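K.L.:
There's a structure below that I have some questions on.
Bear in mind that the values in this text are calculations on the coordinates, not laboratory data. What you see is a predicted model; the values in this text were computed from it and never measured. Backbone-built Cβ (ideal geometry, glycine too); neighbour counts: all protein chains shown.
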Amino acid sequence: MATVTKEPTQTKRAAGAGAGAARYIEAIGRRKTAIARVRLTSGTGKITVNGKTSKEYFTLDRLVAAAIAPLTELQIVDGFDISAHVSGGGIHAQAEAVRLGVARAVVLKTPEWKLRLRAAGYLTRDSRMVERKKPGLLKARRRPQWAKR
């Protein structure tokens, strides 16, 4: 029987460092088919997504704002650097996947913020997915046009 692991993964420690010296906190966020692996480090507020700045990757300001919304809610945007590797889905789903990953990573770093992030809705995984197409139908629910004769 396979073992079940928690989704927010782990804290990586620097080689040879003491037990309290963590390099980064890593967490996974998902939305539709988009998956984001987010690494949170203490820093100055620099955000990179797939090797690009957040403004280059998410071309719309509202997507950048959505991705860092948990940090904005806690007013700690300049306290952390975010590095995200995103795949799958479109840019809207990817931004929301990054948002979930950032929220989970912040909770791993400081558990006291869990209640505020939960109340704001940033720790809830949006489980809605595209419904599959059924045989005999044009789309998931769209039927062919009915003809009387």
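K.L.:
Run down ALA66, ALA84, ALA105 and say which single residue is within 21 Å of ARG128 (Cα to Cα) and of a type outside the set (Ser, Thr, Tyr).
P.N.:
Sole residue among the options that is within 21 Å of ARG128 (Cα to Cα) and of a type outside the set (Ser, Thr, Tyr): ALA66.
K.L.:
Taking the stretch 109-149, which residues are on the phi < 0 side of the Ramachandran plot and of a type in the set (Gly, Ala, Ser)?
P.N.:
Selection gives ALA119, ALA120, SER127, ALA140, ALA147.
K.L.:
If the Cβ limit is 9 Å and pairs must be 6+ apart or interchain, which residue in the stretch 129-149 that is under 26 Å from ARG31 (Cα atoms) pairs with which residue that is outside any loop (DSSP other than H, G, I, E, B) and of a type in the set (Val, Ile, Thr)?
P.N.:
Taking only residues 6 or more apart or on different chains, not a single pair turns up.
K.L.:
Same structure again: For the stretch 78-102, which positions are touching a residue at least 60 places away in the same chain (Cβ under 8 Å) and closer than 20 Å to ARG23 by Cβ?
P.N.:
VAL98, GLY101, VAL102
K.L.:
I need the full set of residues from the stretch 74-92 which are exposed (fewer than 15 other Cβ atoms within 10 Å of the Cβ) and among the hydroxyl-bearing types (Ser, Thr, Tyr), in order please.
P.N.:
The answer is SER87, and nothing else.
K.L.:
Then there is this: From the list LEU117, LEU71, which one is touching a helix residue (DSSP H, G or I) at 6+ places or on another chain (Cβ under 7 Å), surrounded by 19 or more Cβ atoms within 10 Å (Cβ to Cβ) and closer than 14 Å to GLY45 by Cβ?
P.N.:
From the options LEU117, LEU71, the qualifying one is LEU71.
K.L.:
Of all the residues that make up the stretch 30-48, how many are touching an Asp or Glu at 6+ places or on another chain (Cβ under 8 Å) and under 13 Å from GLY101 (Cβ atoms)?
P.N.:
Count: 7.
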